[in-house]
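One structure is given here, and the rest of the page talks about it.
What follows draws every value from the coordinates through simple rules; no lab data is involved. All figures in this text were calculated on a predicted structure; none of them were measured in a lab. All Cβ positions, glycine included, derive from the backbone under ideal geometry; neighbour counts span all protein chains shown.
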Amino acid sequence: MNNQKAIWCIFLLLALASCKTKELEKSPKLYSMTQFMDIVQIGGGSFSPDDSKILISSKETGIFNAIEIDINTGQQTPLTKSTDNAIFGYSYFPRDNRVLYGSDRGGNEITHLFVLTNGDVMDLIQDSTAKAQFYGWSFNQNLMYYTSNSRDKRYFDLYSVQVKDDSEEKIYPASLVYKNEKGLTPSIISNDDRYIALSERITTSNANMYLRDTQSGKTELLSAHEGDIMYSPQYFSVDGTKLFYLTDEGSEFMHLSSYDIATKTKAKVDEAPWDIMYSSLSRNGKYRVVAINNDARTEMKIYDESSGGKLLKIEGLPEGEITGVTISDSEKLMSFYVSSSKSPSNLFVYNFETKEVKQLTHTMSKEINSEDLVEGEVIRFSSFDGMEIPSLLYKPKGLKEGDKAPALLYIHGGPGGQTRLNYSSIIQHLVNHGYVILAVNNRGSSGYGKTFFSADDRKHGDEDLRDCVASKKFLATLPYVDMDKVGIMGGSYGGYMTMAALAFTPEEFKVGVNLFGVTNWIRTLKSIPPWWEAGRKALYVELGDPFTEDSVALYNKSPLFHTDQITKPFIVLQGSNDPRVLQVESDEIVANARKNGVPVEYIIFPDEGHGFVKKENNIKSSEEILKFLDKYLKANTGSE
C-alpha cells in the first residue's frame, strides 16, 4: 500500500511538472511599440549639496528633460519642459540648487551648457557654432571646468569659470586653462588644480598619456612605448601625488595602474580577466569604484579604501547588473542603476551608514508583463577561420516543437562597439513579435581583448562580414530557426554591415534593415565633423585614408558603388541632422537600388541626428521596421 502511494505521488509530481512546463511555454502577450516606449528611459545622477535630491534625465514626456527626485519621498519634479530638443541634466552646483544641463539642436551634436536658476536659463557658450562638454567642479568648489572648441573647431580647450554662491553674482567669465593646439585632449584635473592629465589617440588601439603641470607650464609624456598600447587617465589621488590610469600594457585587457608623479614609478593596482571599463574615486577617497566588462555584462565593484580596500557587499538588490554609480560628496549615499536585458534601468540609492537600499523609479510600463520578455543568452560560434565570435541570442517565447521562426542578425555600431546585455526596446519588440535575434559581436568589437578588437583593421566589409555569414551555421543548429528567413539589421556601422551584406553577399540574407548606416566610406571619412580631429587619424589608420591610395580600397568596400549587386529588399531610416552619416548617404543608395527595381522603403526624420531620441520617432521607426519585416521576411516563402 505504501509503495502504491509512493508511485501515485511520483506520478502526480511528474504531472504537475508537465503542467508547469506547458505553462512556461505558453505564447506571450503581444505588445505594440507604443507600449514598449511607455517604458521610461532615464539616465545620469547628481546629488544636491545637502543629499536630499538627485538630478537625472528622463524621457517620460517623450523627449529627454532634466528632473529632480526627492530621495526621501520619491517625488519627481520636472526642471525643464522642452518639447523639441533633448535636455540632459548634468549636475547641481556644489553649494546651491542651481542646475547645469546640456542640449543640442535636433541631434546636430553641437552641445551647449546651460545654467538653470529659479526658472531662468543662461547659455554659457556664446559661440553658436561651438560644442562644449562639462568636466566637473574643482575640489574647493570655486571653479567649474568645461571644454569647448570655440577657438579652433578641431580641438577642445579647457576653461574654468569662477562660481559664487547663489545669493551673489552667479557666474564670472571663463578663463582659458589649457590651450589645445596638438590634439592632446584634457581628461582629468587634480584636486589642487595643478595637474591636468591629457590623452592622445594615435590609433583606435594605441594612445598616449601626458601630464600637464600648470605651475611650470610643462607637459610630460608618461607613456613612452612601442607597439599598440592604450593609456587612459581615470583619476588623481586625493593628495595629487599619483595619477591612476587604465592600460593594456603587457596584457590583452585593460587594467588599473598608478603613476607616482614624484618618483616617476608605475604600479599595477587592479586587474580582471576582462577589460576594466572605468574606475573612479569618491570625493575624499573613501570609496573606489571599478566597472568591469564581464562578457557583455557590467560587473561593478566598490572598495572601501578606509578599510584597506575591502570589497563591499550590498544586500537586498534585485537581479540585474549595476551601472552608473555615483557617490555623493558627503560619501554617505550612492546612486546606481539596475537593469537586465528584459528589464529597463531603475534608479536606486544606497545609504552607506544605514545599509538601506531604496528604489526611486519604476520605469517598466504597467501594461507589460516582464515574464513575456526574453533574457538574452551569451553564446559563441566558430567563424570561417576558427576565431570564436561572441554573440547574444534572444529566442521568442511560445514556440512549440516543430515551429520555425524568422531570424535577424543585429549588428552594433562602432566599428568597435559591443552589443551588451542591457535593455533594448527595439530588440524586445521584435522578439515579442516572433523574431529570433542574434546580436553578433563580430571581430573588431570591444570587450574581448585587444587582439580581437584589432582583428578587423583594414578588413571591414570582409572578415567582419564573413563572421556574420558564419553565424548562419550556428542558427542552422537551432531547430526553431527558419533558415529561409534570415535577415540582417544594424545602426551606424551596423547599418554599413547591413548594406555590405546585401551588396557583397547578396544571396545570404533575405532582407536588410539599415539605420543611418555608412554606404560611401570615402565621403564619410572626408566629412568627419571637425571636432573629431583628435581621433580622425586613428580612424584613418583603422579604416583607410580617403586622401591617399587607400581610396581605392574604400571605394571597393562601399556598398553605394555596388548597388547593382543588391537584389533583396531593405529599409533605411535616417535623421536629417546627422553630422556623422550624412543624409545624402542614404538618399543615394535608396535611389540607386530603386533604379534596379529592388523594393526599398525609406523613412526620414527631419528632427533627428545620429540616432533617434524622440519617443514618437522611436515608435514610428520600430513600427515601420516590423511592418517591413512582416511583409518581406516573415511572409517570405523562399521563392524569389
**Asked** Pairs Lys164/Lys301; Lys332/Lys614; Lys568/Lys615; Lys568/Lys627; Lys59/Lys342: which exceed 24 Å Cα-Cα?
**Response** Lys164/Lys301; Lys332/Lys614; Lys568/Lys615
**Cα principal axis extents for region 422-575, largest first, Å** = 48, 37, 29
**Fill in**
Amide H proximity to Tyr90 below 5 Å, modelled H, separation 5+ or other chain, gives Leu100, Tyr101, Gly102
**Fill in**
Checking rank on 379-385, 140-146, 512-518, 483-489, with mean other Cβ inside 10 Å and highest first, the result is 512-518, 483-489, 140-146, 379-385
**Item:** Derived scalar couplings ³J(HN,Hα) [region 318-324; Karplus, 6.51 cos²θ - 1.76 cosθ + 1.60; whole Hz; x for Gly, Pro]
**Value:** x, 5, x, 9, 9, 9, x
**Prompt:** For Tyr287, which sequence-distant residues (separation of 5 or more, or a different chain) have an amide H within less than 5 Å of its own amide H, given hydrogens modelled in the peptide plane?
**Reply:** Ser282, Glu305
**Fill in**
Here FRET efficiency (C-beta to C-beta, Glu315 to Asp587, R₀ 51 Å, nearest 0.05) is 0.40
**Asked** Can you give the percent of C-alpha pairs in region 248-322 whose distance is more than 20 Å?
**Response** 39
**Complete:** Of the listed links Lys557/Lys631; Lys242/Lys268; Lys26/Lys473; Lys29/Lys400; Lys526/Lys620, those spanning more than 24 angstrom between alpha carbons are Lys557/Lys631; Lys26/Lys473; Lys526/Lys620
**Prompt:** Between Ser251 and Ser576, what is the spin-label point distance in nm, taking each point 7 Å from the Cα along the Cα→C-beta axis?
**Reply:** 4.9
**Fill in**
Ranked from fewest to most other Cβ atoms within 10 Å of their own Cβ, His412, His112, His225 fall in the order His225, His112, His412
**Fill in**
The FRET efficiency for Ser216 and Ser82, from their Cβ-Cβ distance with R0 = 45 Å and rounded to 0.05, is 0.50
**Table column - 3J(HN,Hα) (Hz), region 412-422, Karplus curve with 6.51, -1.76, 1.60, x for Gly and Pro** = 6, x, x, x, x, x, 7, 7, 10, 7, 10
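Beta carbons within 10 angstrom, averaged per residue: use that to sort the peptides 175-187, 257-269, highest first.
175-187, 257-269
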**Message:** Using only DSSP helix segments of four residues or longer, with each worth -39500 (n - 2.57), what per-residue ellipticity at 222 nm results for the chain after dividing by its residue count and rounding to 500?
**Reply:** -5500 deg cm²/dmol
**Dipole of the chain, positive direction: furthest Cα of Leu311, Ile327, Gln162, with charges on the beta-carbon** = Leu311
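At a Förster radius of 60 Å, what calculated FRET efficiency corresponds to the Cβ-Cβ distance of Glu549 and Glu353, to the nearest 0.05?
It comes out at approximately 0.40.
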**Complete:** Rounded to the angstrom and largest first, Cα extents along the principal axes for region 213-346 equal 49, 36, 26
**Request:** Return an integer: the convex hull volume of the alpha-carbon atoms of region 60-191, in Å³ per residue.
**Result:** 127
**Request:** For region 303-454, just say rounded, prolate or oblate: build the C-alpha gyration tensor, square-root its eigenvalues into a ≥ b ≥ c, call rounded for a/c under 1.5, and beyond that prolate if a/b exceeds b/c, oblate if not.
**Result:** oblate
**Message:** Quick one: 3J(HN,Hα) in Hz for region 222-239, Karplus 6.51/-1.76/1.60 with θ = phi - 60°, rounded, Gly and Pro as x.
**Reply:** 9, 10, 3, 7, 10, x, 8, 9, 9, 9, 9, x, 10, 6, 9, 4, 4, 8
**Message:** So the label point goes 7 Å from the Cα of Asn369 along Cα→C-beta, right? Which residues of region 385-416 then have their backbone N under 15 Å from it?
**Reply:** 397-399
